[in-house]
Amino acid sequence: IRIWIPADTAALAAGADETAAAFEEAAQARGVEIDIARNGSRGMLWLEPLVEAGMNHDRIAFGPVRAADAASVLDAILDGKEHPLGHGRTVEMPWLAHQERLTFARVGVIDPLDLADYEAHAGLTGLRKALTMEPAAICAEVLESGLRGRGGAGFPAGIKWKTVLDQKAERKYVACNADEGDSGTFADRMLMEGDPLLMVEAMTIAGIATGATEGYIYIRSEYPRAIAQMKAAIAVMEGAGWLGENIQGSGHSFRMKVRRGAGAYICGEESSMLQSIEGKRGTVRVKPPIPAISGLFGQPTVINNVLTLASVPLIIDRGAAFYKNYGVGRSHGTQPFQLAGNIKRGGLVEKAFGITIRELIEGFGGGTASGRPFRTAQIGGPLGAYVSEDMLDLPMDYEAMATHQAMVGHGGVVVFDDTVDMAEMARFAFEFCEEESCGKCTPCRIGAIRGKETVEKILRGENVAKNIALIDDLCELMRDGSLCAMGGLTPMPVLSAIRLFPEDFDRATPVAA
Ligand code: SF4
């Protein structure tokens, strides 16, 4: 019998290793042989450790299975009996059945570093096809698919790729941004831990498409397991001839390295990341030149986020039209949304663009964990806007969100109930900017501090109307005058909080705790 127990960081934090050891012990005590496989997480984080019995799609799920539950769950598996922690066939669980998992199709399904398992689940099909294509045709396919940057900016990936392809240079690079510093987001980590071979395949395709021969994946230091998985995946692909010199005799060469970040939020900004990879302090570079023309070590560089790159093998394998069919308007494909904060069922939901915020929070998420009324959600990370209850039927797509002065960002949705104090959240937004600013430009470096001080005056009830007007002015300056999105987007959470929840800023009427 094969028993799947995730070794994803979220599952490990919930005691997955102890559960695995308890299964071994229970099997020995019963004199039965079990084969414990360690997979990625299915993304149902409230059920971790989620234990599954069986193979491929015929698996039965149990969760959350603590070490103390292992013996009784094993007995239920062996006897084919029901168990209070049982959820039936995994693929039929509503949370998974209602998703459109393209990027996360293999996460939680395969043994992450088993190349044969990867291939048995459509792995390498994109790279095999890319090796038979002209670089320009690969770039054209990515452009035609409508794939946009999943890191937050939403820039068309195909345009970046074509720009790098068109540069004449001795050396070109692919840099994958896996810094994932936004609070409430974990999709990059889950993917790197649960399907790391996909990232190697994707970056290799990017190299072939643009003429880049070296790739760096920049992973934040807080993700030690993702770093280990990616290093191991690189070794597996090199060992099988899918990475390195003359890949599978194709004449294409591509090498990959993992770079460990050093814990600064600003290193998730692409030019700071390049500085950091080069061994320098992570500060923002002035553009132009854009990295596609002069990036890493002054050479043309493709910079994409984990989720952007991870979409590419499928696009090459199934074609641009297949991918483009998902989504709405100019937002094509799927987005892995991450539900976090005060939510009953937190985790990862991959759906085509166009799903409403309500479907995510109430449908998949089941509302607040506290059971108290929903008040707001911050969407797109700490620089994203807050939304109010009457915005819940907004579709999650780049344009619809932008028309409401909000953004999809990296797909993070952090939920708050009615106990949240939005003036405090506005103060926190400035404080976050103050802490994480690289200090290069004045609107952000000084603006964040003055903004925090001004909200603190409002919190004390001092000249509220005048101070709100000051914050309005300051936000306009930060938005228009900052060198990068750190200072440029900090106004988004601040102004959305003031606009949608003005009652919290009227400190003459204290906010209920
Ligand atoms: Fe640095 Fe902030 Fe200016 Fe960005 S906006 S360059 S983080 S000081």
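The values are calculated or read from the model by the stated rules, or taken from the named source; none is laboratory data. Computed from a predicted structure; not experimentally measured. Heads up, the Cβs are rebuilt from the backbone with ideal geometry, glycines too, and the neighbour counts pull from every protein chain shown. These area figures cover heavy atoms from the full protein model, side chains too; ligands, DNA and RNA do not enter into them. Shrake-Rupley method; radii C 1.70, N 1.55, O 1.52, S 1.80 Å.
Points to keep in mind about this one:
- The set of residues in region 434-478 being over 23 Å from Gln405 (Cα atoms), open to solvent by less than 30 Å² (accessible area, probe 1.4 Å) and more than 10 Å from the ligand (Cβ to nearest atom) consists of Ile458 alone.
- Scope region 226-274; condition within 16 Å of the ligand (Cβ to nearest atom) and either among the hydrophobic types (A, V, I, L, M, F, W, C) or under 14 Å from Leu127 (Cβ atoms) (or both); matching residues: Ala262, Ala264, Ile266, Cys267, Met273, Leu274
- Per the listing Arg66, Arg30, Arg89, the residue uniquely exposed (fewer than 15 other Cβ atoms within 10 Å of the Cβ) and without any contact (Cβ under 8 Å) to a residue 60 or more places away in the chain is Arg30.
- Restricting Gly249, Gly244 to residues that are without any contact (Cβ under 8 Å) to a residue 24 or more places away in the chain and touching a helix residue (DSSP H, G or I) at 6+ places or on another chain (Cβ under 6 Å) narrows the list to Gly244.
- Where strands (runs of 3 or more DSSP E) sit wholly within region 51-141, those with at least 1 residues that are modelled with pLDDT under 95 and more than 30 Å from Thr163 (Cβ to Cβ) occupy 51-55, 58-62.
- Between Val174, Val91, Val142, Val164, the distinction of being of a type in the set (Val, Ile, Thr) and not assigned by TED's automatic domain parsing to the domain that holds Ile217 belongs to Val91 only.
- Considering only residues in region 364-383 that are part of a loop (DSSP other than H, G, I, E, B) and among the aliphatic types (A, V, I, L, M), the one that is modelled with the highest pLDDT turns out to be Ala369.
- Some residue of region 441-459 being farther than 15 Å from Arg507 by Cβ and not in a helix (DSSP H, G or I): yes
- Scanning region 392-403 for residues being buried (at least 16 other Cβ atoms within 10 Å of the Cβ) and in contact with a helix residue (DSSP H, G or I) (Cβ under 7 Å, 6 or more places away or on another chain) gives a total of 3.
- Matching residues in region 313-372 - criterion: being among the polar types (S, T, N, Q), closer than 23 Å to Gly151 by Cα and open to solvent by 10 Å² or more (accessible area, probe 1.4 Å): Asn325, Thr356
- Qualifying residue in region 226-234 (condition: part of a loop (DSSP other than H, G, I, E, B) and open to solvent by 10 Å² or more (accessible area, probe 1.4 Å)): no
- Condition check for Phe428: surrounded by fewer than 22 Cβ atoms within 10 Å (Cβ to Cβ), within 14 Å of the ligand (Cβ to nearest atom) and closer than 20 Å to Ala385 by Cβ: no
- Residues satisfying the stated conditions in region 340-355, i.e. part of a strand (DSSP E or B) and β-branched (Val, Ile, Thr): Val349
- Residue that is nearest to the ligand (Cβ to nearest atom) [pool: residues in region 479-500 that are of a type in the set (A, V, I, L, M, F, W, C) and open to solvent by less than 10 Å² (accessible area, probe 1.4 Å)]: Met486
So that you can scan it fast, the table gives a plain yes or no per residue for (1) at pLDDT 95 or above; (2) within 16 Å of the ligand (Cβ to nearest atom); (3) under 20 Å from the mean Cα position of the chain (by Cα):
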| residue | (1), (2), (3) |
| --- | --- |
| Thr283 | no, yes, no |
| Gln299 | yes, no, no |
| Thr308 | yes, no, yes |
| Leu339 | yes, no, yes |
| Glu362 | yes, no, no |
